[in-house]
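Here the structure comes first, spelled out in structure tokens, and everything after it is commentary.
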Ligand code: 4NP
């Protein structure tokens, strides 16, 4: 079986991408695929390097059974394009920032997280909205969108393993 690596990217790496990191990691473990799929997350902004995920993010994740306590924010860098087969941005701004540093010969898949959405309800959405300056609903929506897209992503990757 081949190995696949996935990097989720948002702005601060304290809300959306660590949520995707924790949710996808749990899905991979539950599917018995931990030895074959590597998961990580990073941010395009440097304000929160070394910080744990946002408390509001952790609270919503914990309500749904995900433990994010071991995650720490880091900055995405050019080496990530050597390491990861999939680099998935949470929104168009972050995707544009990634495209700006993506080597011309990158052979992996650089795209949006919500390219893997499954649920009809979310079919019209292409970005995971930034919840940082909003209310609690935003954090719940992040979790719902991410859980759905992670399921779609795992099915897609399974077909490649
Ligand atoms: P994230 O959310 O990109 O989902 O981690 C944000 C976290 C922090 C900031 C913006 C968005 N900030 O401006 O500090």
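The values are calculated or read from the model by the stated rules, or taken from the named source; none is laboratory data. The structure presented is a predicted model; accordingly, all values stated were derived computationally and were not measured. Glycine gets a Cβ as well: all are built from the backbone with ideal geometry, and neighbour counts include every protein chain shown.
The figures follow:
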| item | result |
| --- | --- |
| Flag for residue 107 being under 22 Å from residue 156 (Cβ atoms) and over 14 Å from the mean Cα position of the chain (by Cα) | yes |
| Those residues of the range 1-33 which are out of contact with any strand residue (DSSP E or B) (no Cβ under 9 Å at 6 or more places or on another chain) and closer than 18 Å to residue 48 by Cα, in sequence order | 15 |
| Given (1) modelled with pLDDT of 95 or more; (2) more than 16 Å from the ligand (Cβ to nearest atom), number of the condition residue 94 does not satisfy | (2) |
| Matching residues, the range 132-161, being within 16 Å of the ligand (Cβ to nearest atom), in a helix (DSSP H, G or I) and touching a residue at least 24 places away in the same chain (Cβ under 8 Å) | 136, 139, 140, 142, 143, 145, 146, 147, 149, 150 |
| Among the residues listed as 42, 61, the single one being more than 23 Å from residue 109 (Cβ to Cβ), crowded, with 21+ Cβ neighbours inside 10 Å, touching a helix residue (DSSP H, G or I) at 6+ places or on another chain (Cβ under 7 Å) and modelled with pLDDT of 95 or more | 61 |
| Qualifying positions in the range 87-128 - part of a loop (DSSP other than H, G, I, E, B) and buried (at least 19 other Cβ atoms within 10 Å of the Cβ) | 90, 91, 117, 128 |
| All helices (runs of 4 or more DSSP H) inside the range 1-86 with 3 or more residues being within 12 Å of the ligand (Cβ to nearest atom) and closer than 22 Å to residue 158 by Cα | 16-30 |
| Residue satisfying all of: in the range 26-39; surrounded by fewer than 17 Cβ atoms within 10 Å (Cβ to Cβ) and touching a helix residue (DSSP H, G or I) at 6+ places or on another chain (Cβ under 7 Å); farthest from residue 10 (Cα to Cα) among these | 31 |
